[in-house]
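To keep things clear, I will list the structure first and then write my remarks on it.
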Amino acid sequence: MTMRKTCLLLIASLFCTVLPLAAQTTLEECVALAEDNYPLIRKYDLLTQTKDVNLSNIRKSWLPQLNVYAQGTVQNETPSFPESLANLISQTGANISGLNEWQYKIGADLSQDIWDGGTSKARRKTERAEDAERQAALDIQLYAIRERVEDLYFGILLVEEQAAQTQAMQTLLQSNLDKLRTMHRNGTALQSDVDMLEAECLGNTQQLIQAESTARSYRKVLELFIGKSLAGLELLKPDASLPQDLLPDRPELRHFEAQLQANEAQSAGITASLMPRIGLFAQAYYGYPGFNYFESMMNRDPSVNLLAGIKVSWNIGAFYTKKNNRQKLRLASDRIAVERDVFMFNTNLKTRSQLDRIDELKAVMKEDDRIVQLRENVRKAAESQLDNGIIDATDLLTKLTDEKQARLTASYHEIQLLQSIYQLKHTLNR
């Protein structure tokens, strides 16, 4: 029997230890869930697939290019032998009719690049750089979710703290109301005092209902972001430690860098456009006339014709615009650098302002506990004075309200400090 009780106690102890852990959540968990649940996250996979398709197309540009065609033409003039030569040949008994005005062919052209001047390599580099830029731009959009989740999280903490303090005040009000009712029955308190405290108690109940309703609304919005129910979960207050590194590591900075890399990749494309191209080609067709015009003049039978060779082409027109195109890229890079400097300047200003705000809140909070303790002492003294008939319910109510406000202010400062720290962490991405 003793062993059984021991086992039951151990099981109950383990259950009580695990349950609070399962009934809590943190700000970091909510942010991670929101990022995974946000529909925008699916766009990352779409961007990756798009990049893979584009790179595959670039690689396939090295495959042999085949063009199949069929054509028929009619001409008003065709090559023919000089009349004197035609008469001379006809005397031998040969029939020379010349090329027919009606001509036709069915064929195929085949080409294969040997060297494209680095164009395909530049295109692959550009595609990867542009994909990195698109990914970085997506990171910026997703990063904004973090701030919205943090605002909701601290809003819930603040409203629920307000509800907790209101509930504590409700307990004090009800205790003093019960005391006044007893005093009224004994003839030592007025009915008006009882009515005043009861009205305050009812008003406090209304505030409690409003606070709890607001907290539920905030939780429902946060649930939509994280895709998870928060029913029965306690939102833990986050860590109040300041980030050690005050250098920003924002996704905007990575986006600026990705834009510069994309410009550099486009510069490689300009260089490649200045290079000659070398390739093999082959032509084959069945039709009339063939490559042997003399044979086609003697008879009008279709024939198979083959042609193959090597081709070097060089578009020197690219040299005309090379300077302007490079200048455009330099101007674009300069614009990106200016935008990055502006972003850094504004971020540093915001960081400095947030640090000052944190220092201000820490200085204010040094006296919060003392103020709450003093207000509590005054309220307890007022309750004792009410028992002895020295003060009335109005004076007691004032002291109760002062204590409630002091506690709410202290809680507000604590949560505001936490929120200010996390706003700083969001500014720096730490």
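Observations
- Hits in region 278-314 (condition: within 30 Å of residue 81 (Cα to Cα), in a strand (DSSP E or B), of a type in the set (A, V, I, L, M, F, W, C) and open to solvent by 90 Å² or more (accessible area, probe 1.4 Å)): 304, 306
- Applying the condition of being open to solvent by 40 Å² or more (accessible area, probe 1.4 Å), in a helix (DSSP H, G or I) and in contact (Cβ under 8 Å) with a residue 40 or more places away in the chain to region 382-400 and asking which residue is farthest from residue 252 (Cα to Cα) yields 387.
- Of the residues making up region 179-191, just one is hydroxyl-bearing (Ser, Thr, Tyr) and without any contact (Cβ under 8 Å) to a residue 24 or more places away in the chain, namely 182.
- Of residues in region 27-62 being part of a loop (DSSP other than H, G, I, E, B) and at pLDDT below 85, the one nearest to the chain's Cα centre (by Cα): 61
- Selection of first residues in region 194-217 that are open to solvent by 60 Å² or more (accessible area, probe 1.4 Å) and among the acidic types (Asp, Glu) and of second residues that are modelled with pLDDT of 90 or more and part of a helix (DSSP H, G or I), restricted to Cβ pairs under 7 Å at least 6 apart or on distinct chains, gives the following pairs, ordered by first then second residue: 212/163.
- So residue 376, is it open to solvent by 50 Å² or more (accessible area, probe 1.4 Å) and either at pLDDT 90 or above or not in a loop (DSSP other than H, G, I, E, B) (or both): no
- Whichever residue in region 315-336 is under 36 Å from the mean Cα position of the chain (by Cα) and among the hydrophobic types (A, V, I, L, M, F, W, C) and, among such residues, is least open to solvent (accessible area, probe 1.4 Å): 336
- Of all residues in region 151-178, those that are under 18 Å from residue 398 (Cα atoms) and of a type in the set (Val, Ile, Thr) have Cβ atoms under 8 Å from Cβ atoms of residues that are open to solvent by less than 50 Å² (accessible area, probe 1.4 Å) and in a helix (DSSP H, G or I), 6 or more apart or on another chain, in 166/204; 166/208; 166/211; 166/404.
- Residues in region 181-193 that are of a type in the set (A, V, I, L, M, F, W, C) and either surrounded by 16 or more Cβ atoms within 10 Å (Cβ to Cβ) or part of a helix (DSSP H, G or I) (or both): 2 in all.
- Subset of region 262-277 [open to solvent by less than 20 Å² (accessible area, probe 1.4 Å) and under 9 Å from residue 125 (Cα atoms)]: 262, 265
- Flag if residue 414 is surrounded by 14 or more Cβ atoms within 10 Å (Cβ to Cβ) and under 30 Å from residue 199 (Cβ atoms): no
- Among the residues of region 38-65, the ones that are of a type in the set (Gly, Ala, Ser) and under 19 Å from residue 279 (Cβ atoms) come to 1 in all.
- Given (1) modelled with pLDDT of 90 or more; (2) closer than 23 Å to residue 161 by Cβ; (3) aliphatic (A, V, I, L, M), number of the condition residue 332 does not satisfy: (2)
- Scanning region 355-409 for residues that are under 40 Å from the mean Cα position of the chain (by Cα) and closer than 20 Å to residue 420 by Cβ yields a total of 15.
- Of all residues in region 95-129, those being farther than 30 Å from residue 48 by Cβ and of a type in the set (D, E, K, R) number 3.
- Residue within region 73-83 that is at pLDDT 85 or above, exposed (fewer than 11 other Cβ atoms within 10 Å of the Cβ) and of a type outside the set (A, V, I, L, M) present: yes
- In region 21-49, residue least open to solvent (accessible area, probe 1.4 Å) [restricted to those that are touching a Leu at 6+ places or on another chain (Cβ under 9 Å) and of a type in the set (Ser, Thr, Tyr)]: 25
- Pair list, Cβ < 6 Å and 6+ apart or interchain, from region 107-119 residues that are among the charged types (D, E, K, R) to residues that are open to solvent by 50 Å² or more (accessible area, probe 1.4 Å) and assigned to a strand (DSSP E or B): 109/67; 109/283; 116/277
- Of all the residues in region 231-258, those that are open to solvent by 70 Å² or more (accessible area, probe 1.4 Å), among the hydrophobic types (A, V, I, L, M, F, W, C) and either within 20 Å of residue 350 (Cβ to Cβ) or at pLDDT below 85 (or both) number 2.
- Failed condition for residue 339, given (1) more than 48 Å from the chain's Cα centre (by Cα); (2) open to solvent by 70 Å² or more (accessible area, probe 1.4 Å): (1)
The values are calculated or read from the model by the stated rules, or taken from the named source; none is laboratory data. Bear in mind that the values here come from a model prediction, so they are computed numbers and not experimental data. Every residue, glycine among them, receives a Cβ derived from its backbone with ideal geometry; neighbour counts consider all protein chains shown. To get the accessible areas, we keep the full protein, side chains included, count just its heavy atoms, and leave off ligands, DNA and RNA. Shrake-Rupley method; radii C 1.70, N 1.55, O 1.52, S 1.80 Å.
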